[in-house]
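Trainee: Following this message is one structure expressed as structure tokens.
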Amino acid sequence: MAIISGNVKSALWAIRFSQFSFAVILTGIFSWFHNRLFHAGAYPFGTTDVPLGFSTATIFIIFIAVYAASALAQEAMLIIAILDFLLLGGYVASAIVYRHNFNSKCVENTLVRVFDAEREGGCNSVRLGAALLILQILLFTASTILSYRVAKSPPSPAGATVINNEKSLFGRFRRHHSQEPIAESPA
């Protein structure tokens, strides 16, 4: 098991929850986009299918990552760090494919033009998809760094407990050289 502070563990849990929530939202948004494009007869499915695929993969990988974080196995955390890096690359690829829809004007967005032809307004949904893609990139950058940090932290010695971020063996406090030994009181 790796020795990690409570702050890093809490940060990883918060990031994983946010990643999961945003992945579920993105899966719903891009599924709706795919459905609307199919009914419109337009076939730029790469714009919607790449983010949809990586959002769906994120949902499954988050479950694996939560299990690995609860078990705190270093080998598993290294695999999760690698998967985080791959998903980060996938979300960057999704943002590149989706790049024509990052415009602030709805008239310039390619997806909004298709939706307007079908009488389906979708400007705010397209903007939400773009914003959540950027948020996922930032979250996966943070989780990749933290997961790699946890995976590369030194393993704790058997039977060690952590007290005030210092290792002590068998639950006894480690004395510093500057401290005087505690004298036992006569009984």
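Trainee: Modelled label-to-label distance, PHE102 and LEU86, 7 Å Cα→beta-carbon offset: nm?
Mentor: Simple spin-label model gives 2.5 nm for this pair.
Trainee: Now, a different point. Each residue of segment 18-24 in order: what ³J(HN,Hα) in whole Hz does its phi give by Karplus 6.51 cos²θ - 1.76 cosθ + 1.60, θ = phi - 60°, with x for Gly and Pro?
Mentor: 5, 4, 5, 4, 5, 5, 5
Trainee: Can you give me the distance in nm between label points at HIS39 and GLU75, each placed 7 Å from the Cα along the Cα-to-Cβ direction?
Mentor: 5.0 nm
Trainee: Taking the number of other C-beta atoms within 10 Å as the exposure measure, put PHE102, PHE33 in order starting with the fewest.
Mentor: On the way: PHE102 16, PHE33 26.
Final ranking by Cβ density, sparse to dense: PHE102, PHE33.
Trainee: Now, a different point. Rank these for me by crowding, ASP49, ASP84, going from fewest to most other beta carbons within 10 Å. Provide the component values of the computation, followed by the final result.
Mentor: Working: ASP49 17, ASP84 26.
Final ranking by Cβ density, sparse to dense: ASP49, ASP84.
Trainee: Just want the ordering: ILE59, ILE137, from fewest to most Cβ atoms lying within 10 Å of their own Cβ.
Mentor: Values: ILE59 14, ILE137 18.
Placing the least packed residue first, the sequence is ILE59, ILE137.
Trainee: What is the Cα convex hull volume of segment 34-114 when expressed per residue in Å³?
Mentor: Details: hull volume 7.4 nm³, N = 81.
It comes to 91 Å³ per residue, whole-number rounded.
Coordinate-derived values only; no laboratory data. Computed from a prediction, not measured in an experiment: that's the story for all the values here. Note that we place each Cβ from the backbone using ideal geometry, even for glycine, and neighbour counts take in every protein chain shown.
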